[in-house]
């Protein structure tokens, strides 16, 4: 065997080793990305299921409609971020969903992970909080809560792709509020 043939075989072997290394590295990066997505999703779901977020959700579902009739409460809504979140528990949900929307927008977590597991909470909270969002946007500007809106739009697209109307959640909200009023 000539030196040229030996060099060609060596070059080919080196190319194969490099190709295998690239493939293995690519797969490792994909696994790392998936593990990071899982960790991020688990943290978001843990916060979504936390006592503070659940307490805020109950407030928005059952108490907010009556609170919206109180002129003092409505005036405080115009303070947006300066309102006391212990009184204005709707801020807890607005901030949470807007932050999660930012993670999705920046590609730190894939929206589909959230839409599959939390579409109902995303859509129903948007519907219940929309009167607050309108007030905040009127006072501060139309950019406020845009990441939450983007999250809602993504969840609505995902639900529609499953053959379900995103507006169906309104029926469940009304039923929950009616049941609460009877208790």
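Read the figures in this text as sums done on the coordinates, not as results from a lab. Treat the numbers as computed from the prediction; the structure is a model and nothing was measured. Cβ: placed from backbone, ideal geometry, glycine included. Neighbour counts: every protein chain shown.
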Quiz item: How high is the FRET efficiency from residue 161 to residue 99, r the C-beta distance, R0 25 Å, rounded to 0.05?
Solution: 0.50
Exercise. Report the FRET efficiency, 1/(1 + (r/R0)^6), for residue 42 and residue 130, where r is their Cβ-Cβ distance and R0 is 25 Å, rounded to 0.05.
Key: 0.30
Quiz item: If each of residue 33 and residue 178 carries a label point 7 Å out from its Cα toward its Cβ, how far apart are those two points in nm?
Solution: 4.7 nm
Exercise. Note down the relative contact order for the stretch 51-182 as a percent, whole number, built from C-alpha pairs under 8 angstrom at least six residues apart.
Key: 30 percent
Quiz item: What whole number of Å gives the distance from the Cα centroid of the stretch 9-82 to the Cα centroid of the stretch 95-150?
Solution: 12 Å
Quiz prompt | Within the stretch 114-156, backbone nitrogen closer than 15 Å to the virtual label 7 Å beyond the Cα of residue 75 toward Cβ | solution = none
Exercise. Read through the labelled values [x] 94, 35, 28; [y] 58, 33, 28; [z] 49, 36, 27 and report the label of the one computed as Cα extents along the principal axes in Å from the structure.
Key: [x]
Quiz item: How much length is gained on full extension from residue 20 to residue 86, taking 0.36 nm per residue of separation minus their Cα-Cα distance?
Solution: 18.1 nm
